[in-house]
Amino acid sequence: MSSQSAIPNPQSAISVTFTLNGSSVTVEIDPADRLLDTLRYRLGLTGTKEGCGEGECGACTVYLDGVPVNSCLIPTYQVRDRKVETIESLDPRALEAFERCGATQCGACTPGVVMTAWWIRGHPDLLRTHTIRELMAGNLCRCTGYDGIVDSIKEALGER
Ligand code: FES
Ligand code: FES
């Protein structure tokens with residue numbers, strides 16, 4: 001369920017500073033605010049999407065200290081002094097293979113899929129012990145049937 005961040009109550013607001021896409025940001029938040037909402041509604045980074053809001057679909061995937069996480073499950077205060085990266089930080093060329101391979105239709109899952117896929121690309125050793133489908137299991141897509149997603153990752157890895 002969405003819980004969009006309004007301007008926090010000054011009585012309960014806390015200040016959180018973290019690194020976002022390479023720059024230091026400080027934001028006043030309510031202690032209950034989710035990172036997903038802080039990114040979208042307080043900081044204007046709407047590339048990160050909300051699907052289930054329950055940690056199941058991966059649409060809200062961002063990197064926290066370099067590791068993909070579901071931002072709908074992360075309280076914003078927990079990213080204090082840490083490094084957050086969103087889809088806006090990726091080179092737009094990261095999307096080209098997805099467009100070519102039919103890996104995106106409605107697009108709701110695409111930012112999260114691309115974030116996880118680009119992380120796999122940066123950690124190819126994982127493919128010695130896991131298949132692409134296993135590594136992408138946390139990113140659900142209702143449209144593509146996944147073949148295009150797998151093909152695009154193979155292309156990004158130079159395997160096609
Ligand atoms: S919106 Fe976060 S996992 Fe679905
Ligand atoms: S393209 Fe529609 S949910 Fe994946």
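What follows draws every value from the coordinates through simple rules; no lab data is involved. What you see is a predicted model, and the numbers here were worked out from it, not measured in a lab. A quick note on method: Cβ atoms are made from the backbone with ideal geometry, for glycine too, and the neighbour counts reach across all protein chains shown.
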**Prompt:** How large is the dipole of the range 14-87 about the Cα centre if only Lys and Arg carry +1 and Asp and Glu carry -1, each at its Cβ, rounded to the nearest 20 debye?
**Reply:** 180 debye
**Message:** Quick one: 3J(HN,Hα) in Hz for the range 57-71, Karplus 6.51/-1.76/1.60 with θ = phi - 60°, rounded, Gly and Pro as x.
**Reply:** 9, x, 4, 9, 5, 9, 9, 10, 6, x, 10, x, 9, 8, 5
**Request:** Give me the angle, in degrees from 0 to 90, between the Cα long axis of helix 110-122 and the longest principal axis of the Cα atoms of the chain, rounded to the nearest 10.
**Result:** 70 degrees
**Message:** Sequence gap at least 6, Cα distance under 8 Å: using those rules, report the relative contact order of the range 45-160 to the nearest whole percent.
**Reply:** 31 percent
**Message:** Please compute the modelled spin-label separation between Arg128 and Val67, points set 7 Å along Cα→Cβ, answer in nm with one decimal.
**Reply:** 2.0 nm
**Fill in**
The relative contact order of the range 14-87, taking Cα pairs under 8 Å that sit 6 or more residues apart, comes to a percentage of 38 percent
**Item:** Cα long-axis angle, helix 147-156 against the chain (0 to 90 degrees, to the nearest 10)
**Value:** 90 degrees
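What relative contact order, as a whole-number percentage, does the range 92-156 give when Cα pairs under 8 Å and 6 or more residues apart are counted?
On the way: 53 pairs, mean separation 36.6, N = 65.
56 percent.
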**Message:** Charges on Cβ only, +1 for Lys and Arg, -1 for Asp and Glu, centred on the Cα centroid of the range 13-160; of Val25, Cys72, Leu140, which one is farthest towards the dipole's positive end?
**Reply:** Leu140
**Request:** Take the Cα coordinates of the chain, assign each an equal point scatterer, and use the Debye formula without solvent to give log10 I(q)/I(0) at q = 0.20 Å⁻¹.
**Result:** -1.23
**Prompt:** What is the dipole size for the chain, taken about its Cα centre, with +1 at each Lys and Arg Cβ and -1 at each Asp and Glu Cβ, in debye to the nearest 20?
**Reply:** 100 debye
**Asked** When the distances between all Cα atoms of the range 11-87 are binned every 10 Å from zero, what whole-number percent does each bin get?
**Response** 21, 59, 19, 1
**Neighbour net charge for Pro111 - beta-carbon separation under 10 angstrom, K R +1, D E -1** = 0
**Item:** Net charge of neighbours whose Cβ lies under 13 Å from the Cβ of Gly138, counting Lys and Arg as +1 and Asp and Glu as -1
**Value:** -2
**Request:** Could you please report the charge total around Cys57, scoring K, R as +1 and D, E as -1 over all other residues with beta-carbon less than 15 angstrom from its beta-carbon?
**Result:** 0
